[in-house]
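Below is one structure, written out as structure tokens, with a few remarks after it.
Readers should treat all values here as calculations from the given coordinates under stated rules, not as data from a laboratory. Note that the structure is a prediction, hence the values are computed from the model and not measured. A quick note on method: Cβ atoms are made from the backbone with ideal geometry, for glycine too, and the neighbour counts reach across all protein chains shown.
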Amino acid sequence: VWATVYRRAFLREHGLAFPEGRYADLGCSGFVALAAGESAVLRTVCVRRPERRQGGGTAAGTRAETPAVAAALLDQVELVLDRAAARDLPEDRARALFAQLFAEVLDTAAAAPRGRAFFRRAGRLHRRYRPAGHRTRTVRARLLRRGAYTAFRALPALGRLTARARAYATRSALRRRRALTYAWYLRRPLDENLAVFAAYWGRGYACNPAAIHRKARELAPHIRSVFLVKEKELPHMPDDVESVVIGSRRYWEVMARAKYTFNNVNFEHSVVKRPGTVHVQTHHGTPLKRMGVDQIEYRAVAAATGSFGKLMRRVDRWDCSLSSNAHSTEVWSGAYPSAFEHLEYGYPRNDRYYTATPGEVAAIRERLGVPEDRVALLYAPTYRDYPRDVSAQFDLARFCAELGEEFVVLLRAHYFLDGDAGLRQAVADGRLIDVTSLRDTEDVCLASDALITDYSSIMFDYANLDRPIVTYADDWDVYRDTRGVYFDLLAEPPGHVARTQRELIEVLTSGRWADDRSAALRSAFRARFCEFDDGQAAERVVRRVLLGQPEEELPAPIPLRERLPAPAAAVSRPRTPAR
């Protein structure tokens with residue numbers, strides 16, 4: 001409404017004001033159109049209004065609309081059309097006003113499910129007030145006029161499927177059959193008790209989706225939960241987890257009919273977001289590096305990301321976005337600007353850091369082969385978006401040798417042990433244990449006594465354990481300028497920072513890695529980034545999403561000072577440095 005300028009005398013002369021109720025802007029605009037004798041368009045932009053994108057999700061906006069709120073739109077339309085009927089408008093103006101009002105009605109009806117009552121009333125209004133000579137040009141309008149509710153609801157999905165079918169026609173017959181299979185299942189009703197889970201593009205049973213899946217089977221046994229995996233991952237799936245192979249016929253069926261979907265990345269582009277479904281984006285880490293559309297200004301990363309338009313269309317399928325701290329909530333809001341709801345519940349995968357017992361920790365260490373008298377250092381560097389010869393810049397074999405007999409290194413990285421004689425010897429001597437292939441990162445973290453990492457998001461999860469963290473930032477300047485970051489890690493680290501391998505060895509052998517300064521830095525880091533993680537995240541998600549419980553009935557957050565993370569198994573007291 002405020003994008004239009006009115007003469008004050010015009011408003012007073014015709015007694016124009018906003019009508020009562022919701023959608024009053026539509027009613028006011030209609031009254032103005034009836035009263036106006038002249039109007040003009042100024043082709044210069046005078047006002048810019050930043051407005052959050054409205055995605056395809058239903059949780060944050062349209063799902064919350066009650067039938068009464070949706071009906072208010074039709075109240076305003078009827079109010080304007082009643083006033084128009086009382087006036088002898090020229091046919092062209094009557095048709096234009098009618099088309100304008102019902103364009104809004106059709107867009108609203110198509111955006112999200114409003115129910116048969118809304119649709120039927122809209123159809124009655126269309127038939128009653130349709131001006132003479134008005135031609136119903138669109139399929140949507142014809143279906144509304146005829147009261148064909150089921151066909152109207154199916155039309156958007158069928159239209160998208162038709163476009164996809166044309167694209168598939170140029171590809172293999174197998175893909176065409178998959179499209180037809182998916183189209184068939186999309187016509188079937190939603191399964192209100194079906195939930196689909198996936199993690200890391202089908203790489204196995206892991207991360208936040210797996211933690212939510214486990215809790216769902218406990219608290220919501222009426223929900224049938226299936227996990228999506230690649231075919232080669234099937235042998236590694238737990239025996240008691242129902243698995244569906246990505247790309248199979250069952251995959252297209254569950255994707256078409258599931259009421260709930262959980263993923264820590266995005267589903268493939270061809271997946272249709274059906275009205276009434278709930279998609280939860282769980283994410284898989286707290287962001288230090290730039291994410292989503294925030295990557296656009298970093299050319300190397302943006303090129304690898306691909307189409308940001310396609311990315312945002314996938315983001316528009318999100319209904320809920322999970323956060324483990326306020327920092328993440330802020331980042332997700334800007335990096336993925338769409339109309340999803342933030343669930344500030346913590347990361348379900350981090351629940352284990354508060355529920356694991358000392359006996360479990362000891363059992364994991366024994367399984368990994370960690371000696372009881374050694375301090376286990378987990379070394380977990382992150383991926384780089386630029387060329388980097390890791391083995392040349394960090395001599396891991398020499399690092400293990402110079403640490404001494406007190407430590408054992410748990411390696412979680414992309415080193416090639418078979419091709420390095422020094423690393424093979426470190427393994428043989430018991431100074432190095434390769435845990436890269438282990439699927440459960442939480443187990444590896446629980447088994448360790450301290451973490452060494454660079455810029456990996458593992459630091460945010462590990463901080464929940466309240467165990468020492470050492471940052472090895474030998475290429476921070478390059479990483480920051482190439483990848484982009486949200487804050488200066490070196491100014492706000494979770495522990496001591498080393499810029500060279502010599503500094504790193506000195507921090508560890510001197511005992512500074514576990515001193516009071518390390519504890520103070522870690523305490524501040526935990527307060528900022530472990531805000532919502534208290535061991536109850538999975539329960540909150542299940543109760544809120546699958547059981548529909550209101551926020552006030554969810555488990556109350558445990559204050560940080562009262563949380564008891566799983567204790568480290570080894571006696572991690574720093575030794576007195578040699579004089």
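Summary table
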quantity: Selection from S29, V361, G202, by position along the positive dipole direction of the chain (Cβ); calculated: S29
quantity: FRET efficiency, 1/(1 + (r/R0)^6) with R0 60 Å, evaluated for E372 and H269 via beta carbons; calculated: 0.75
quantity: Among 231-239, 195-203, 459-467, 77-85, the order from most to least packed when residues are scored by Cβ within 10 Å on average; calculated: 459-467, 195-203, 77-85, 231-239
quantity: Added length on full extension, which subtracts the Cα-Cα distance from 0.36 nm per residue, E562 to A117; calculated: 155.1 nm
quantity: Sequence ranges 135-145, 426-436, ranked by mean other-Cβ count within 10 angstrom, highest first; calculated: 426-436, 135-145
quantity: Candidate aspartates and glutamates - alpha carbon under 18 Å from K310, same-chain residues fewer than 8 apart omitted; calculated: E268, D294, E297, D319
quantity: Farthest positive-ward along the chain dipole, Cα basis, beta-carbon charges - from V47, I433, F308; calculated: V47
quantity: Förster-model FRET efficiency, 30 Å R0, R48 and R499, C-beta, rounded to 0.05; calculated: 0.10
quantity: Selection from Y486, F340, M459 lying farthest towards where the dipole of the chain points positive, charges on Cβ; calculated: F340
quantity: Charge dipole magnitude, Cβ of K and R +1, D and E -1 - the range 302-354, Cα centre, debye nearest 20; calculated: 320 debye
quantity: Potential lengthening between A68 and E218 on full extension [0.36 nm per residue; Cα-Cα distance subtracted]; calculated: 50.4 nm
quantity: Lys, Arg +1 and Asp, Glu -1 on Cβ, resulting dipole of the range 158-350 about Cα centre, debye, nearest 20; calculated: 1120 debye
quantity: For peptides 22-29, 240-247, 450-457, 93-100, sequence by mean Cβ density within 10 Å, most packed first; calculated: 450-457, 22-29, 93-100, 240-247
quantity: Distance between the range 1-33 and the range 436-460 - C-alpha centres, whole angstrom; calculated: 61 Å
quantity: Overall form of the range 158-350 per C-alpha gyration tensor (a/c, 1.5; a/b vs b/c); calculated: oblate
quantity: Mean Kyte hydropathy of -1.0 or more with a Cα span along the axis of at least 24 Å, helices from DSSP in the chain; calculated: 67-85, 91-111, 149-168
quantity: Per DSSP, loop chymotrypsin sites (Phe, Trp or Tyr not before Pro) in the range 331-397 with at most 11 further Cβ within 10 Å; calculated: Y383
quantity: Extension gain from A401 to D239, taking 0.36 nm per residue of separation minus the Cα-Cα distance; calculated: 54.2 nm
quantity: Residues of the range 229-257 with amide N under 13 Å of the 7 Å Cα→Cβ point at R177; calculated: 248-250
quantity: Percent antiparallel among DSSP beta bridges (both partners in the chain, rounded to 5); calculated: 5 percent
quantity: Label-point separation, R128 to R313 (7 Å along Cα→Cβ), nm; calculated: 4.0 nm
quantity: Charge dipole magnitude, Cβ of K and R +1, D and E -1 - the chain, Cα centre, debye nearest 20; calculated: 4220 debye
quantity: Spacing of the two label points (7 Å from each Cα toward its C-beta) at Y386 and E231, in nm; calculated: 4.1 nm
quantity: Per-pair calculated FRET efficiency, R0 = 22 Å: A302 and D477 via Cβ, rounded to 0.05; calculated: 0.65
